[in-house]
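The values are calculated or read from the model by the stated rules, or taken from the named source; none is laboratory data. Being a predicted model, the structure only gives us computed values, none of them experimental. Neighbour counts run over all protein chains shown; Cβ positions are idealised from the backbone, glycine included. Just the protein is used for accessible areas: all its heavy atoms, side chains included, with ligands, DNA and RNA removed. Shrake-Rupley method; radii C 1.70, N 1.55, O 1.52, S 1.80 Å.
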Protein chains: 2
Amino acid sequence: MREKAFQDYYPDDLSHCFGCGRLNTEGHQIKSYWDGEETVASFTPKPYHTAIPGYVYGGLIASLIDCHCTGTAAAAAYKFEGREMDSGPPLRFVTASLKVDYLKPTPIGTPLEIRGRIEEITDKKVVVMATLSAKGIVCARGQVVAVKMPEDMIQ
Amino acid sequence: MREKAFQDYYPDDLSHCFGCGRLNTEGHQIKSYWDGEETVASFTPKPYHTAIPGYVYGGLIASLIDCHCTGTAAAAAYKFEGREMDSGPPLRFVTASLKVDYLKPTPIGTPLEIRGRIEEITDKKVVVMATLSAKGIVCARGQVVAVKMPEDMIQ
């Protein structure tokens, strides 16, 4: 059995994200894991996630990078604080900015691999660099500036 | 009756985008129009497009900005060439890069207004600046570098 994903540690009331919330039954429910110093997630787009026939739509690519990177930010923040993801208080990050460079058309019908790497970390902010690959070829690169979720966003 | 949207002029084989294709029955089918020198689109997220309860998920915001801006790029390119959108050959743009700054949490349950403004235009590339607002408040800003779709992407 594989270890729990970063998103499996999110508290229930922060687990409704369309991209990565395990309680959002309509959503993508992406799952991110450590792989050495990097993080990794895999996602297979649905046949209707097209840009033009044969290729994945860019909005999905942006979404996958976004959610994988905020998950990566949370996981990195626990590590930074020297504690486990199941310890309290919970850490959750929101996106301050997202940048995606679309390098090549991304083929549909194959799993996509999203990898993250911590570029910068402080007690309030994590900058994560990402790649999104299909069949071993990097099709998009991203950068997410993730900031600790403000208390007033947690209802 | 309102005029045709930019996306209504896309040829059938380029109308399957999840974000803006009128033939993608699973997708968002966003519609963009001129409003003076700017362009505008409106979209009401579904209740499940949440980030955390009460707020819109950032991946959707990125998608709306992306598709509205590539539509804006196409419309601007026809204007640049001095011809109507129903004249041939068809012009269609893809995203080279997308940048979104999330300024404020975007409330869910209300229509979002996405506005575009041409920052730069050449015969191959259009740079579009965008805002996304809810109830008159700008919640996100974006920039899309859109490039003319390569011939080999059109199957």
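Quick grid of which residues meet (1) over 16 Å from the mean Cα position of the chain (by Cα); (2) more than 24 Å from B:Ala134 (Cβ to Cβ); (3) charged (D, E, K, R):
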| position | (1), (2), (3) |
| --- | --- |
| B:Gln7 | no, no, no |
| B:Cys20 | no, no, no |
| B:Glu26 | yes, yes, yes |
| B:Ile30 | no, no, no |
| B:Pro45 | no, no, no |
| B:Thr70 | no, no, no |
| B:Ala76 | no, yes, no |
Criterion (outside any loop (DSSP other than H, G, I, E, B), open to solvent by 10 Å² or more (accessible area, probe 1.4 Å), at the interface with chain A (Cβ under 9 Å from one of its Cβ atoms) and more than 22 Å from A:Ser97 (Cα to Cα)) met by exactly one of B:Asp8, B:Asp13: B:Asp13
Region B:44-91: number of residues that are free of Cβ contacts under 8 Å to residues at least 12 places away in the same chain and among the hydrophobic types (A, V, I, L, M, F, W, C): 1
Number of the condition not met by B:Ile52 [criteria: (1) among the β-branched types (Val, Ile, Thr); (2) surrounded by 23 or more Cβ atoms within 10 Å (Cβ to Cβ); (3) part of a loop (DSSP other than H, G, I, E, B)]: (2)
Failed condition for B:Glu26, given (1) more than 7 Å from chain A (Cβ to nearest Cβ); (2) free of Cβ contacts under 8 Å to residues at least 12 places away in the same chain; (3) surrounded by fewer than 18 Cβ atoms within 10 Å (Cβ to Cβ): (1)
Matching residues in region A:81-90 - criterion: being of a type outside the set (Asp, Glu) and either surrounded by fewer than 17 Cβ atoms within 10 Å (Cβ to Cβ) or closer than 17 Å to A:Glu120 by Cα (or both): A:Gly82, A:Arg83, A:Ser87, A:Gly88, A:Pro89, A:Pro90
Odd one out for A:Gly136 among (1) loosely packed, with under 13 Cβ neighbours inside 10 Å; (2) within 21 Å of B:Ile61 (Cα to Cα): (2)
Strands (runs of 3 or more DSSP E) wholly inside region B:64-155 containing at least 1 residues that are more than 14 Å from chain A (Cβ to nearest Cβ): B:112-121, B:125-134, B:137-148
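Which residue out of A:Asp123, A:Asp101 is surrounded by fewer than 19 Cβ atoms within 10 Å (Cβ to Cβ), under 29 Å from B:Cys139 (Cβ atoms) and in contact with a Ser or Thr (Cβ under 9 Å, 6 or more places away or on another chain)? Give the steps one after another, and end with the answer.
Working: A:Asp123 fails: in contact with a Ser or Thr (Cβ under 9 Å, 6 or more places away or on another chain).
Within the list A:Asp123, A:Asp101, the selection yields A:Asp101.
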Unmet criterion (only one of (1) open to solvent by 70 Å² or more (accessible area, probe 1.4 Å); (2) closer than 22 Å to B:Thr95 by Cβ; (3) within 16 Å of the chain's Cα centre (by Cα)) for A:Thr95: (1)
Qualifying residue in region A:57-74 (condition: over 18 Å from A:Ile114 (Cβ atoms) and touching a Lys or Arg at 6+ places or on another chain (Cβ under 8 Å)): no
Residue ID - farthest from A:Lys79 (Cα to Cα), chosen from residues in region A:110-120 that are open to solvent by 70 Å² or more (accessible area, probe 1.4 Å) and out of contact with any Asp or Glu (no Cβ under 6 Å at 6 or more places or on another chain): A:Pro111
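Would you mind stating whether A:Gly109 is of a type outside the set (A, V, I, L, M, F, W, C), out of contact with any Gly (no Cβ under 6 Å at 6 or more places or on another chain) and in contact (Cβ under 8 Å) with a residue 60 or more places away in the chain?
Here the answer is yes, as A:Gly109 does meet what is asked.
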Residue under evaluation B:Tyr78, criteria (1) surrounded by fewer than 23 Cβ atoms within 10 Å (Cβ to Cβ); (2) over 18 Å from A:Gly58 (Cβ atoms); (3) touching a strand residue (DSSP E or B) at 6+ places or on another chain (Cβ under 9 Å), criterion not met: (3)
